Structures are given as C-alpha cells and as structure tokens.
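Data first, discussion second: the structure below is written as structure tokens.
The values are calculated or read from the model by the stated rules, or taken from the named source; none is laboratory data. Since the model is a prediction, treat every value here as computed from it, not as a measurement. Every residue, glycine as well, gets a Cβ built from its backbone with ideal geometry; the counts of neighbours run over all protein chains shown. With ligands, DNA and RNA removed, areas are computed over all heavy atoms of the protein, side chains included. Shrake-Rupley method; radii C 1.70, N 1.55, O 1.52, S 1.80 Å.
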Amino acid sequence: MSGYFSDIAPVRYDPEATGLAFRHYNPDEVVLGKRMEDHLRFAVAYWHSFCWEGGDPFGGQTFDRPWFPADTMALAEARADAAFDFFRILGAPYYCFHDHDVRPEGASLRESRDRLNRIADVFEGKMADGGPKLLWGTANLFSNRRYMAGAATNPDPDIFAYSAATVRAVLEVTHRLNGENYVLWGGREGYETLLNTDLKQERLQAGRFLSMVVEHKHRIGFNGTILIEPKPQEPTKHQYDYDVATVYGFLKDFGLEGEVKVNIEQGHAILAGHSFEHELALAASLGILGSIDMNRNDYQSGWDTDQFPNNTPEAALAYYEILRAGGFTTGGTNFDAKLRRQSLDAEDLVAAHVGAMDICARGLKAAAKMLEDDRLEALRRARYAGWERPDAQAMLADGASLAAIADDAEARGINPQPVSGRQEILENLVNRYV
C-alpha cells in the first residue's frame, strides 16, 4: 500500500492499546452464536469518506485530498486506490457507493455508463484481491441541477427517462459486483410548494418507476434486496418517502410490499420526529426491515448533520430491535457519516470509523445481553398475556363483531382497571446494560 493512507497501520483489536485500535469491536468474538463481524456487517460510505470536500452552507472546501476534484478518470482511479487502501486499514467487510461518487459524469448517458463500467473493472480487480464486498450501490438522482424538481417525480418526462437510464446502469453494475442490495434515496422526490405540484401525478410516476426497477432486477437475475431510504425533509419541504410508515403505505398501494424493504438512517428518523428504534421496530413489524445507515444528528441543529455515532445507549436500543427482528440478512451497518470540517488529517477519518465501530460493538453486546437475559421480553409478554385467553383471541378473529363484543362485555359486567406500564422500571433495567 502506498499513497494517502500509507503512514497508517491496519487497525487491530487491542483493548489495552494507547493508539488507534479497536477496544470493543472484535470481528471474531461470538455474540448470540454468530461472529460480531457477521452481526454488524459494517460498510464504509464512499461519498462522505472520499468525496466530501468539507464544505457547509456557509463555507466551501476545507479538505485537501490528492484526488480532488476527481473530475477525470485518472483522478477517479486514484480515489479508488485510496478508498481500497482505507478499507484494508479498517478491515471493513463492505462498502457502498453512488455512481456520482466513483466516476465523473460524462457528456452523455452512454459516456457516463461507460465510465461507470470502467471503474467497476477497477473495483472488481481490487475486490478479487482481498478487498471488501459491496453492501449496496445507488444512483445519485439529486445533485445535478436537472433533478431540482425530482427524478422519478419530475414534471419533465425526459428527466424521468434520464433517471431510468441512470438507475439501470447502476443496478447492473451493482449486480455485476455481487452487491447485496440496491438503494433508492429520493433526495428531490418531493415538493417545495403545492402551488405548482400535482401530487397524484408525481406519486403515480414514483410508483411506476419503482415497479420498473423491481421488474429489471428480476430480468437481469439480481438476487439482492431493493431498498428505499426514508427521509422527511431537507432538501425538499416535503418528501414522498417521509418515514417508514409512509413508505409502507406507498409500497402497499403499488403492490410492492413483498419486493422492497427499507434502509433506515438514524439522522432521518430524528428529522421525522421519531427515534431510530421506533423506525426499526415499525419496519420489523411490517416485514420490511432491510439495512441501516448509522450516524447521528446534532440535537441543537435542525438539519441532517451526518455525524459519526458516539452514544452507546442509542446504539444498544437500535441493535436490540434489529436482534429482536432476527438480525440482518442482506443488510448491514453503513456509516453514512462525515468528519467535521476541521478534521483535516487522514488519521481523523480512520479514528472516526474506529470509534463508531466500537460504539456499535458495545451497543450490540449490550443488546444481546438484554435479549439473552430475557427480562425486558418477559415483562413485555406479561403485559400482553391477557390476549392469550381464548375469549380475547376470539375478539380478533374473522366474524367477530362490535355488537357481539359489546353485548358480552355488558353481560359479564366487566369493570377493568388500569395496570402500570412500569416505564421507569424498564428504563432503569436498560441502564444496567449500557
């Protein structure tokens, strides 16, 4: 290895180390019968780690990377060299990318596709040489000005067609690289004002577009999972994939609930007014939990700050819901997080991921211990135990009627009294683990 990260040694598990090391993440440690690496399935986000230049709404580039601005194929390949060096240092088993991250856009759709395939050739070689696997690929349908009014939901049918061509190219490259999922994030799929928006038309366009993505997946033999990433706002005022519940309603409406799952990001859950664990639990209960983007927001800011996770109790509650749902299948933990714009050094990027992986490992172990001890679940089962009675089950069965239930309640003269929800006791119990 030589280049931008050449002065940094591979990171090892060493709880007693004084320098860069994993203190909690031991890939081979067995948790609930499975290796920790296989539970967490960590992925590095290509865009934030290797493409973001350190700007914010009030100032431009602060990072100086030798492959910036990567507006030529030579610089794109130099960035790929650095990225795969970084993956090896970190020992990350997966990575994720947008097409826009890995190659400069061409003068035409065909040139853009050709450039993407040339970079895929590079990736293939590096992956075959011991590089990480691809957790998921996705198309950037939000940065270019052509997408200012959306991609699939755009009022211009030519932009719909351009978006379809772009997604086809990235889906086929994801398939070629044995990606385990394909993500659609509609950063501009929403509206800024209802005064110029036909909600019914745009929603129909979005549904047909997603249906065609699923059809093409089957046509090319892609066995991975199609994922939608919910987000409520920022950049648009209202987005059609607001949260898990909204996405599920959309999938049901177009008959896609058996074909598409969700990639849930903590920061997006918070923007929607939910907790991360709420979105995970709801997705699991609906059968659409797929993968996660792990990060955090600044709770004093009103936007998606994409910071690396550093809160063990939050991570523990998230992984508790994931483990309760049976754990990941094709999904994993992608760090959709970026450095702070003052963190200028190559070592900062490594340290950010090392700390985040340790936080997730601590959260996973706490969640596993909570599940293993069964105290939370025992209290949950006790709270709903009444529903195991035959008469209670009969109320939920087909053929039960409101009138029959009411007549029976009056005949029995029932006078039920409330029972404590024991929230503080449950919170105290969780705190013993985290």
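Structure above, values below:
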{"quantity": "Options 255, 273: the member that is of a type in the set (Gly, Ala, Ser), open to solvent by 10 Å² or more (accessible area, probe 1.4 Å), closer than 30 Å to residue 176 by Cβ and not in a helix (DSSP H, G or I)", "calculated": "255"}
{"quantity": "Any chance residue 262 is within 24 Å of residue 151 (Cα to Cα), part of a helix (DSSP H, G or I) and either in contact with a helix residue (DSSP H, G or I) (Cβ under 8 Å, 6 or more places away or on another chain) or in contact (Cβ under 8 Å) with a residue 24 or more places away in the chain (or both)", "calculated": "no"}
{"quantity": "Search result, residues across segment 160-208 that are outside any helix (DSSP H, G or I), buried (at least 21 other Cβ atoms within 10 Å of the Cβ) and of a type in the set (A, V, I, L, M, F, W, C)", "calculated": "183, 184, 185"}
{"quantity": "Qualifying residue in segment 93-116 (condition: among the acidic types (Asp, Glu), surrounded by fewer than 20 Cβ atoms within 10 Å (Cβ to Cβ) and without any contact (Cβ under 8 Å) to a residue 24 or more places away in the chain)", "calculated": "yes"}
{"quantity": "Residue in segment 42-53 that is at pLDDT below 95 and closer than 21 Å to residue 139 by Cα present", "calculated": "no"}
{"quantity": "Residue among 225, 246 that is modelled with pLDDT of 95 or more, open to solvent by 50 Å² or more (accessible area, probe 1.4 Å) and among the β-branched types (Val, Ile, Thr)", "calculated": "246"}
{"quantity": "Residue check for residue 315: open to solvent by less than 10 Å² (accessible area, probe 1.4 Å), closer than 26 Å to residue 133 by Cα, of a type outside the set (D, E, K, R) and assigned to a helix (DSSP H, G or I)", "calculated": "yes"}
{"quantity": "Odd one out for residue 33 among (1) small (Gly, Ala, Ser); (2) modelled with pLDDT under 95; (3) within 26 Å of residue 290 (Cβ to Cβ)", "calculated": "(2)"}
{"quantity": "Some residue of segment 326-340 being of a type in the set (Lys, Arg), closer than 29 Å to residue 287 by Cβ and open to solvent by 20 Å² or more (accessible area, probe 1.4 Å)", "calculated": "no"}
{"quantity": "Residues that are of a type in the set (Asp, Glu) and touching a residue at least 24 places away in the same chain (Cβ under 8 Å), drawn from segment 207-247", "calculated": "229, 234, 241, 243"}
{"quantity": "When residues of segment 341-364 are limited to those that are touching a residue at least 24 places away in the same chain (Cβ under 8 Å) and open to solvent by 60 Å² or more (accessible area, probe 1.4 Å), the one farthest from residue 310 (Cα to Cα)", "calculated": "344"}
{"quantity": "Test result for residue 397, surrounded by 13 or more Cβ atoms within 10 Å (Cβ to Cβ), at pLDDT 95 or above and among the small types (Gly, Ala, Ser)", "calculated": "no"}
{"quantity": "Selected residue (criterion: surrounded by the most Cβ atoms within 10 Å (Cβ to Cβ)) from residues of segment 24-43 that are touching a strand residue (DSSP E or B) at 6+ places or on another chain (Cβ under 8 Å) and in a loop (DSSP other than H, G, I, E, B)", "calculated": "25"}
{"quantity": "Residues of segment 49-106 that turn out to be acidic (Asp, Glu) and either touching a strand residue (DSSP E or B) at 6+ places or on another chain (Cβ under 7 Å) or part of a loop (DSSP other than H, G, I, E, B) (or both), as a count", "calculated": "4"}
